[in-house]
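J.: My questions all concern the structure below.
The values are calculated or read from the model by the stated rules, or taken from the named source; none is laboratory data. Since we're looking at a predicted model, the values are computed, not measured. Backbone-built Cβ (ideal geometry, glycine too); neighbour counts: all protein chains shown. For the accessible areas, the whole protein counts, side chains as well, though only heavy atoms, and no ligand, DNA or RNA atoms are used. Shrake-Rupley method; radii C 1.70, N 1.55, O 1.52, S 1.80 Å.
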Amino acid sequence: MLKRKIDALLRKFFLHKNEELPSFLLHSLFHQGSYLPFTTSSLKFRLLACLANDVVVNNRKSMLEFGSGISTILVARLFHLNNIQGKITTIDESAEWQEIIKSILEKEELSHYVNFVHAPTKISPTSSQCNEYNNTIVLEHIKNKMFDLVLVDGPAAWQKETIMSRTSNSKFIIKNVAEKHCIFIDNSDRPGERDLTEKLARELDSKILQLDPTFVALVKGQHFNFII
């Protein structure tokens, strides 16, 4: 408990700690096209760099993303830049937000790398403090697909009444993740994300890598180091 309080204080006063090198490494991806709206809701550069590293050094080609955003654009740009025949299936509860991301990709002629899935959330019938994606919509788009890369950054789970929302993603991940995989989970210091991490590690027999106080990766299978 004390360690978590100390980590929270460090995050408050050193929000961009260790961001200089990752932002430099990502420069060519971040600035190669349209301006990208980087906000306090965005993944930190260090974590985006780990994601990009994993795609390249571990040959990831099929990504399942919960929460569309800058990561969607950067991975699509990376696929194009490195001539990777990859595909991203990105799920989000906001159609308006996805339209912003989609319009950027269309301008850059990169939309063929991404399958956008608009899945509104609803109160979970089985869990408290949990809004889950529409199961029917999500399952329709991921059935018979196996993903070697997963990023969990949605649905919204920052309010007390929805803090367990991301635990509901486990049913989509467990049945549709490849044997050799990497799963990135943002906000891993929160109760819902901690439960999700522990369940996935247990069910998939994946190894947990703590990348920073708020971000973890779960890996299974032989892989090269992607951590910066």
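J.: Which of (1) among the aliphatic types (A, V, I, L, M); (2) farther than 30 Å from THR121 by Cβ; (3) modelled with pLDDT of 85 or more is the odd one out, the single condition LEU10 does not satisfy?
T.: (3)
J.: If you don't mind, there's one more thing I want to ask. Which members of the stretch 90-115 meet the condition of being surrounded by 20 or more Cβ atoms within 10 Å (Cβ to Cβ) and under 25 Å from GLU193 (Cβ atoms)?
T.: Result: THR90, ILE91, ASP92, GLU93, GLN98, ILE101, VAL114.
J.: Restricting to the stretch 187-228, name every residue that is of a type in the set (Lys, Arg) and farther than 26 Å from TRP158 by Cβ. So that I can check it myself, show each step before the final result.
T.: Just the residues of the stretch 187-228 that are of a type in the set (Lys, Arg), to begin with: 190, 194, 199, 202, 207, 220.
Passing the criteria: LYS207, LYS220.
J.: Going through SER68, SER42 one at a time, which residue ends up being part of a loop (DSSP other than H, G, I, E, B), within 30 Å of GLN222 (Cα to Cα), modelled with pLDDT of 95 or more and open to solvent by less than 50 Å² (accessible area, probe 1.4 Å)?
T.: On the way: SER42 fails: modelled with pLDDT of 95 or more.
Answer to the check: SER68.
J.: Report, by residue number, each residue of the stretch 185-228 that is among the aromatic types (Phe, Trp, Tyr) and farther than 21 Å from LYS44 by Cβ.
T.: The answer is PHE224, and nothing else.
J.: If we keep just the residues of the stretch 46-65 that are open to solvent by 40 Å² or more (accessible area, probe 1.4 Å) and within 15 Å of the chain's Cα centre (by Cα), which is farthest from ILE173 (Cα to Cα)?
T.: Applying the filter and picking the extreme gives ARG46.
J.: With the stretch 74-124 as the region, which strands (runs of 3 or more DSSP E) entirely inside it contain at least 3 residues that are over 25 Å from ASN53 (Cα atoms)? Please lay out each step first, then the result.
T.: Numbers: elements: 87-92, 114-118, 121-123.
Ranges flagged: 121-123.
J.: Any residue at all in the stretch 114-130 that is on the phi < 0 side of the Ramachandran plot and in contact with a Gly (Cβ under 7 Å, 6 or more places away or on another chain)?
T.: no
J.: Return the residue satisfying two criteria in turn: it lies in the stretch 116-151 and is under 14 Å from GLY67 (Cβ atoms) and β-branched (Val, Ile, Thr), and of such residues it is most open to solvent (accessible area, probe 1.4 Å).
T.: THR121
J.: Might you let me know whether the stretch 154-162 holds any residue that is assigned to a loop (DSSP other than H, G, I, E, B), open to solvent by less than 20 Å² (accessible area, probe 1.4 Å) and at pLDDT below 95?
T.: Yes, some residue in the stretch 154-162 is assigned to a loop (DSSP other than H, G, I, E, B), open to solvent by less than 20 Å² (accessible area, probe 1.4 Å) and at pLDDT below 95.
J.: Based on this model, can you work out whether GLY192 counts as open to solvent by less than 10 Å² (accessible area, probe 1.4 Å), of a type in the set (Gly, Ala, Ser) and assigned to a helix (DSSP H, G or I)?
T.: Yes.
J.: Of the numbered conditions (1) farther than 21 Å from PHE184 by Cα; (2) in contact (Cβ under 8 Å) with a residue 40 or more places away in the chain; (3) open to solvent by less than 20 Å² (accessible area, probe 1.4 Å); (4) of a type outside the set (Val, Ile, Thr), LEU81 fails exactly one; give the number of that condition.
T.: Tallying (1) farther than 21 Å from PHE184 by Cα; (2) in contact (Cβ under 8 Å) with a residue 40 or more places away in the chain; (3) open to solvent by less than 20 Å² (accessible area, probe 1.4 Å); (4) of a type outside the set (Val, Ile, Thr), LEU81 fails exactly one: (3).
J.: For the stretch 168-189, how many residues are out of contact with any helix residue (DSSP H, G or I) (no Cβ under 7 Å at 6 or more places or on another chain) and farther than 22 Å from ILE70 by Cα?
T.: Result for the stretch 168-189: 6.
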